[in-house]
1. Ordered by packing density, taken as the mean number of other Cβ atoms within 10 Å over each peptide's residues, highest first, how do 33-45, 135-147 rank?
2. What is the local net charge at D118, summed over the other residues whose Cβ is closer than 14 Å to its Cβ (Lys, Arg +1; Asp, Glu -1)?
3. Tally Lys/Arg at +1 and Asp/Glu at -1 over every other residue whose Cβ is under 11 Å from the Cβ of T76; what's the total?
4. Using only alpha carbon pairs under 8 Å that are at least six residues apart, calculate the relative contact order of the chain and give it in whole percent.
5. Round to a whole number: what % of the accessible area of region 47-121 belongs to carbon and sulfur, probe 1.4 Å?
6. Report Rg(Cα)/(2.2 N^0.38 Å) for region 43-107, keeping two decimals.
7. Given all pairs of different Cα atoms, what value in angstroms does the Kirkwood hydrodynamic radius of region 76-156 take?
8. Where both partners of a DSSP beta bridge lie in the chain, what percent of those bridges are antiparallel, to the nearest 5?
Amino acid sequence: MSNSDSPIRVVLWRHGQTDWNVENRFQGHSDIALNKVGEYQVSEAAKVLAALRPDRIISSDLIRAQATAAALASLTDIKVEIDPGLRETNGGLWEGKTGAENRAEDFNNFIRWIDGEDNPAGTVGERRSEVADRAVRAIKKALADKTDQLLVVTTHGGT
């Protein structure tokens, strides 16, 4: 079959808002829950995504992404499959700190990273290329041997 006969579609869905998003704190691998606004956001977005009739839902293992995926799962009766490969960037020494704190403490490295360079986040964290590689592996694994599939990937902004 050609690609047009059996399309594979992927929807990338970033988790809802957390208190750390509001405070501009680098979340990374820190396991921060959704706040009330985030819970509302995902419940509304889940209605739109459910109308697309997804076949599968995969999610980062962090609670903010799992809660986001759960909102869609509750409407579709699709079991969420957890894959740590979809986690947010390991922010190293930047995690839990605000953007202002990270600029003050690690200006050159932080600005380079913000500008899109492939330097390690927070000196000892992950490179953008490493995050992309693991996320692509997770998505390819989920799509292996699949056709005519709508896959919802619940993940993070950096991922």
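1. 33-45, 135-147
2. Spelling it out: positives minus negatives among the neighbours equals -2.
3. That sum, taken over residues with Cβ under 11 Å, equals +2.
4. 35
5. Taking all protein chains in place, region 47-121 shows 54 percent carbon and sulfur surface.
6. Rg over 2.2 N^0.38 Å, computed on Cα atoms: 1.49.
7. Hydrodynamic radius (Kirkwood, Cα only) of region 76-156 equals 14.5 Å.
8. 10
The values are calculated or read from the model by the stated rules, or taken from the named source; none is laboratory data. All figures in this text were calculated on a predicted structure; none of them were measured in a lab. Quick reminder, even Gly has a Cβ in these numbers, built from the backbone with ideal geometry, and neighbours come from all protein chains shown. The area values use the complete protein model at the heavy-atom level, side chains included, leaving out ligands, DNA and RNA. Shrake-Rupley method; radii C 1.70, N 1.55, O 1.52, S 1.80 Å.
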